[in-house]
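Novice: This is the structure I want to talk about, given as structure tokens.
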Amino acid sequence: MITIDSAAPVPPFEQVREQLADLIRGGDLPGGHRLPSIRQLAGDLRIAPGTVGRAYAALEADGLIELNRASGTRVREGQVLSADLTEAASQFVATVQGQSGATFEAVLGAVRAAWERSVATS
């Protein structure tokens, strides 16, 4: 399910966050699906529990999961992206990656600004 590449420049918590987000948005982890506990996933991946906790906190902030001490951590409903949206995003990324100097942060900022302008005018 999730793997950690210790040689990658991306921190382990971000690797966990990205992989879980992809699984959720891709529909592999449907709404209501219970995720492993922080300790369990940390043990499975052989990383510190705080690393998984940080990834889960980021996913909760992104609105993808719900943390609940009583019922565990679950995927929020309605997080699966449609195939059309996924394809459009893939095409957009392929186009943008070809532009020199386009960092992920710059592209994300441009998309966020365009989204906010669109919402403000509708």
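The values are calculated or read from the model by the stated rules, or taken from the named source; none is laboratory data. Predicted model only: the values in this text are computed from it and were never measured. Quick reminder, even Gly has a Cβ in these numbers, built from the backbone with ideal geometry, and neighbours come from all protein chains shown.
Novice: Can you pull out every residue in segment 84-106 that is polar (S, T, N, Q), modelled with pLDDT under 80 and within 18 Å of residue 25 (Cβ to Cβ)?
Specialist: Of everything in segment 84-106, just one residue is polar (S, T, N, Q), modelled with pLDDT under 80 and within 18 Å of residue 25 (Cβ to Cβ), namely 86.
Novice: Here is a further query. Here are some residues: 69, 46, 76. Which one is on the phi > 0 side of the Ramachandran plot and of a type in the set (D, E, K, R)?
Specialist: The unique qualifying residue is 46.
Novice: Now, a different point. For segment 107-122, how many residues meet the condition of being within 25 Å of residue 26 (Cβ to Cβ) and outside any helix (DSSP H, G or I)?
Specialist: Residues meeting the conditions: 0.
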